[in-house]
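Structure record follows, encoded as structure tokens.
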Amino acid sequence: VVFSPWREVPFCPSGRIWRLLSTAILPHAVRFYRSIGTSPALVVLYESTNGANWRIKWDLPTNEPCRLHGVFCTDGRIRVLSLSGNRLSGTIPPELGNLGNLQMLSLGNQLSGPIPPELGNLIRLERLTLEGSQLSGSIPPELGNLTDLQYLNLYANQLSGAIPPELGNLVNLQTLYLNENYLEGPIPPEIGNLNRVFGMRLDNNQLSGAIPPEIGNMVNLESLDLSNNQLSGWVPSELGNLIYLDYLMLHDNPLSGPLPHTLTNLELIVFRFHMTGLCEPDDAVFQSWINSIVIVNGTQYYCPKGWQIFLPLILSP
């Protein structure tokens, strides 16, 4: 029985009209109903990442996208998209930038191609994990728009180019992993704005230039790994401001000069600076401090006698 909006009594279609409804109109209505339930961004993601070969596949189309594997919702809005380890391959579609209520995006798999700058539209995002893939190209500066972001993990990809200074806008960030890529150029001083970060890994890249003294502003750091780069010059004395630091990795860089005495402010557990040109001050205070560290891998090279006399000349412009 079909109720006509123009009559107050039931309207029963004839056999001919019913056949027309069932064969021509209703299938389209069903398809439309299903299509409005499935986010276009999810459909494009499934197609662009070889969904047929996923470990746990999606059954599309669906009018219940919040029941799909790795999709979590509140109030009918997609908040979490977590598909790491699900054998995704292919590229990340820019349409993911349309999921404006997303708070967590985790896609670590076998993905390739660039990180779409449209991910910078996900202004509610708190966690972004794209680790362990073959993503290439540069880190889009648009990621600096994600000011709610607390966790950024781009570890173990093939990313290149410079670290965008716009990442210094991520004032709520707590974890930053950019290690094991092909990033180059200097560490931007804007990184020092991230004073809530407690873990930062920039190791195993091709970063060059001096360690920016602004890192000393990251006063909540507990772990800092700058190893296996091309960083040069002296270790800035401002690192002595990082009083919560437990792990400091500077090894395998062409750094030179004496370790700053301000490091004695720190209660390190692990300190590695081997394969550098750094030297240890030989005074009793510094030696007592470095001998108190549980694990030290150093150069075993003491600074030449009287190096302090020449320090103002060396540091002068």
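The values are calculated or read from the model by the stated rules, or taken from the named source; none is laboratory data. Everything quoted here is computed from the prediction, not taken from an experiment. When we count neighbours, we look across all protein chains shown, and the Cβ atoms used for this are built from the backbone with ideal geometry, even at glycine. Heavy atoms of the whole protein, side chains included, go into the accessibility calculation; ligands, DNA and RNA do not. Shrake-Rupley method; radii C 1.70, N 1.55, O 1.52, S 1.80 Å.
Please give, to one decimal in nm, the separation of the simple spin-label points placed at Y182 and H69, each 7 Å out from Cα toward the Cβ.
That separation, rounded to one decimal, is 3.2 nm.
Using a basic spin-label model with each label point 7 Å from the Cα along Cα→Cβ, how many nm lie between S160 and A210?
Taking the two extended label points, one gets 2.9 nm.
So what's the gap between the Cα centers of the range 49-64 and the range 263-297, to the nearest angstrom?
53
Roughly to the nearest percent, how much of the accessible area of the range 59-216 is carbon and sulfur, given a 1.4 Å probe?
On the way: 2740 of 6300 Å².
The nonpolar share, carbon plus sulfur, comes to 44 percent.
Along the three principal axes, how long is the range 104-263 when you take its alpha carbons, biggest first, rounded to the nearest angstrom?
44, 26, 22
Residue separation times 0.36 nm, minus the C-alpha to C-alpha distance between Y301 and N195: what's the value? Spell out each step's value before the answer.
Working: separation 106, 0.36 × 106 = 38.16 nm, distance 3.30 nm.
Full-extension gain reported as 34.9 nm.
For the range 44-113, which chymotrypsin sites (Phe, Trp or Tyr not before Pro) pass both filters: DSSP loop (anything but H, G, I, E, B) and at most 14 other C-beta atoms within 10 Å?
Working: sites: Y46, W54, W58, F72; in loops: W54, W58.
Counting only loop positions with at most 14 other Cβ atoms within 10 Å, none of the chymotrypsin sites (Phe, Trp or Tyr not before Pro) in the range 44-113 qualifies.
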